[in-house]
Structures are given as structure tokens and as C-alpha cells.
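The structure under discussion appears below in the form of C-alpha cells.
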Amino acid sequence: LLDRARLAQAVGDADGALRYAIAALKQYHDAAYPTSDDEAALLGAVAIAYQMNGRNMDASHYFESALNTYAKAGRRRSLGAQVIIGNLGALHMTAGASKLALELYEECLAIVAEHGNATRPSPSLIHNRAHALELVGPYREARAGYEFGFDLAVQLKSKLLQAYFQEGQLVHKGD
């Protein structure tokens, strides 16, 4: 059911994403041996589905519930929690709370750094942070974020991501 929820999210089926995510969460609660990571992932899927349906207060509640689940399991600084924090940051960006979103993106980067060379920040995290800096300031940090993202896109050999980050660089060319 979680895979169905994620597929519905991927194709933009907000109603299907919510229906499957809630059903997956219910099925999880009926399971004999539930794990906190599974519960947090399911809570995150429900949150995204609520966000897709324009129910941002509900989405925020489920993102926070997912983070609380990670915290109770002693995994608040895990990479899974980092994804939830990033998604919560994106929710705050769409609500106009750029400064709070920036704080959440900074927390995500700190978590990624704690995990060392085993991982690197996602291009979406780099872009979202740069965009938040663009709105909050200072602009030179936003430009540096877009430049870092462009370099990452070059490493990934992604022309699409390169174009995405170049757009941000052009906006701040003279800053």
C-alpha cells in the first residue's frame, strides 16, 4: 500500500495518495511486529498526501508525528528523519515561512554531514536551501548555494539539474 501511495504521489493523484497512505498506516498499526522506521515513513507518506490535497495543517501534524516517532526511537538524526525534516521545510516554504524553512534545511545539511562520506545532500535540498536564502538573505549565500548545486549536478552528469541551478545563478549574477 505504501508503494501505491508513492506511485499516486509520483503521478499527481492526490486523492489516491491520501487513500493509500492512510490505508497503509492502518495496516501497519494492525501488524504484529511494527518498527518505528516503518511507522515514520508511513506518517511521512500521509503528510505528503495531505500536502498534495492542500491540507497543510494536517500535513504539518503528520510530519511532526513522524519526527516524534524517530525521536522516540533515538533516530531523530537519521537520514530517514532528514527526509521528513526536508519535506517539512518545503511545506513551510509554500506557506511563506522561509526563515523557518531555512532553519530546517540547515538541520538537514547538518544531519547529512554527521553521516560523513556515506551520503551527500540531495539536489532538491541544495536548491530549496538556496531558494530560502534568496528570500531571507544574504543573497551571496544564495548564489553560493546555487553554484554548489550546479557543481553537484555536473558531478551527477544531469543536464536538467544543471539548468535548474543555472537559473538561480543567473538571478544572482551581479550580487
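Averaged per residue, the chain has 55 square angstrom of accessible surface, using a 1.4 angstrom probe with ligands and nucleic acids left out.
Can you tell me the length gained on complete extension of the stretch Lys157 to Glu106, counting 0.36 nm per residue apart and subtracting the Cα distance?
Result: 15.8 nm gained on full extension.
Kindly state, to the nearest 0.05, the FRET efficiency for Asp15 paired with Ala113, given R0 = 22 Å and r defined as their beta-carbon distance.
E(calc), rounded to 0.05, equals 0.05.
Computed in the context of the full set of protein chains, the accessible area of the chain at 1.4 Å probe radius has 53% of its extent on carbon or sulfur. Between Asn68, Asn53, Asn117, the Gaussian network model of the chain with springs among Cα atoms under 10 angstrom shows the greatest mean-square fluctuation at Asn117.
Per-residue Karplus couplings for the stretch 143-160, computed as 6.51 cos²θ - 1.76 cosθ + 1.60 with θ equal to phi - 60°, are listed in order as 4, 4, x, 5, 5, 4, x, 4, 4, 5, 5, 5, 4, 7, 6, 10, 5, 4 Hz, Gly and Pro entered as x.
Rounded to the nearest 0.05, what FRET efficiency do Ser124 and Ala32 have when you use their Cβ-Cβ distance and R0 = 25 Å?
E(calc), rounded to 0.05, equals 0.10.
Exposed loop sites here mean trypsin sites (Lys or Arg not before Pro) with a DSSP loop assignment and at most 10 other beta-carbon atoms within 10 Å; the chain contains its longest site-free run at 1-156. Could you list the residues of the stretch 148-170 with an amide nitrogen less than 16 Å from a label point located 7 Å from the Cα of Arg140 in the Cα-to-C-beta direction? The answer is 148, whose backbone nitrogens lie closer than 16 Å to the label point.
The values are calculated or read from the model by the stated rules, or taken from the named source; none is laboratory data. This structure is a prediction, so every number in the text was calculated from the model and none was measured. Because the Cβ atoms are built from the backbone with ideal geometry, glycine has one as well, and the counts that use them run over all protein chains shown. Accessible surface areas use protein heavy atoms only, side chains included; no ligands, DNA or RNA. Shrake-Rupley method; radii C 1.70, N 1.55, O 1.52, S 1.80 Å.
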